[in-house]
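The structure appears right after this line, and notes come after that.
The values are calculated or read from the model by the stated rules, or taken from the named source; none is laboratory data. The model shown is predicted, which means the values in this text are computed figures rather than measured ones. As a convention, Cβ positions derive from the backbone with ideal geometry for all residues, glycine included, and neighbour counts pool all protein chains shown.
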Amino acid sequence: MIASIRGTLLRRTGSDLIIDVSGIGYRVTVADRMALAVREGEDIVVHTAYIPREDSVSLYGFDTPEELDMFDLLRSVTGVGPKSAMAVLSQLSAEEIYDAISQENDSAFRSVSGIGPKTAKLIVLSLQGSFEQKPSRPQSGRSSGSATNDIVRHSVVQALVGLGWSERIAKDGVQRALDADSEGPVEANSLLRQALTILGPHTNREAR
């Protein structure tokens, strides 16, 4: 069983990461928030679930052991497979899942694509009493807050590209805006306005 992988991120394709470990590339499916938080060329560690099937073998990766444990719990619910469990973890943190189950708030799961009303209720009912304690926030690495900031950063870069700037210049403008105001949470509209102010109307919008 492959419990974790440490290596260099070679490529990111959607929510799939190709991680090089001593010359071998492992394809690992991760939550959307994690996929947007990592960068090609960086060394990363993912906690993994190894899921063999008759026609394929899949690896699902997570930022923290708590997320991996939550993935396994979700898969224990009738009708929730690996893809559905990953969809939940792409939208809700381990803490948010715990809170939703503790408060019997099945609407939190109904908001996840692919999770219907019956499955949402079943998740809440099946996982009641499954937790010894509330999942803790990550003490290091990518927290859900930093992942959210990376998602906002990515969306603003794409907005600038859509307005005509090259991706290189767009990333530079967003980074300069972040450096100028590094305190507090990142808000997309505010970050876009700051980046536009920094880039200015006379910036060379080189060919994309």
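Would you tally the residues in region 58-77 being in contact with a helix residue (DSSP H, G or I) (Cβ under 9 Å, 6 or more places away or on another chain) and either in a strand (DSSP E or B) or at positive phi (or both)?
Result for region 58-77: 4.
Of these, Ser144, Ser136, which one is polar (S, T, N, Q), crowded, with 19+ Cβ neighbours inside 10 Å and modelled with pLDDT under 90?
The match here is Ser144.
Just to be sure before I move on: is Gly14 in contact with a strand residue (DSSP E or B) (Cβ under 8 Å, 6 or more places away or on another chain) and loosely packed, with under 14 Cβ neighbours inside 10 Å in the structure I sent?
So Gly14 does not fit the description; no.
Within region 71-123, work out how many residues are in contact with a Pro (Cβ under 6 Å, 6 or more places away or on another chain) and among the acidic types (Asp, Glu).
Going through region 71-123 one residue at a time, the tally reaches 1.
Pairs please, first residue from region 16-42 and free of Cβ contacts under 8 Å to residues at least 24 places away in the same chain, second anywhere and among the acidic types (Asp, Glu) and in a strand (DSSP E or B), Cβ atoms under 9 Å, 6+ apart in sequence or on different chains.
Ala35/Asp16
Quick check on this structure: which one of Ile101, Ile115 is over 15 Å from the mean Cα position of the chain (by Cα), among the β-branched types (Val, Ile, Thr), under 17 Å from Gly129 (Cβ atoms) and surrounded by 15 or more Cβ atoms within 10 Å (Cβ to Cβ)? Spell out how you get there, then give the answer.
Working: Ile115 fails: under 17 Å from Gly129 (Cβ atoms).
Being over 15 Å from the mean Cα position of the chain (by Cα), among the β-branched types (Val, Ile, Thr), under 17 Å from Gly129 (Cβ atoms) and surrounded by 15 or more Cβ atoms within 10 Å (Cβ to Cβ) holds for just one of Ile101, Ile115, which is Ile101.
May I ask you to say which residue of Val80, Val88, Val28 is assigned to a loop (DSSP other than H, G, I, E, B), β-branched (Val, Ile, Thr) and surrounded by 18 or more Cβ atoms within 10 Å (Cβ to Cβ)?
Val80
Does Asp43 satisfy being acidic (Asp, Glu) and farther than 27 Å from Val112 by Cβ?
Yes: the conditions hold for Asp43.
How many residues are out of contact with any Asp or Glu (no Cβ under 6 Å at 6 or more places or on another chain) and modelled with pLDDT of 90 or more if we restrict to region 111-125?
Final tally of qualifying residues: 8.
Taking the residues in region 55-68 that are among the acidic types (Asp, Glu) and touching a residue at least 12 places away in the same chain (Cβ under 8 Å) as candidates, determine which candidate is surrounded by the fewest Cβ atoms within 10 Å (Cβ to Cβ). Explain how you work it out, then say what you get.
Taking region 55-68 and keeping what is among the acidic types (Asp, Glu), we get 55, 63, 66-67.
Applying the additional criterion that residues be touching a residue at least 12 places away in the same chain (Cβ under 8 Å) yields 63, 66-67.
Values: Asp63: 26, Glu66: 20, Glu67: 25.
The residue in question is Glu66.
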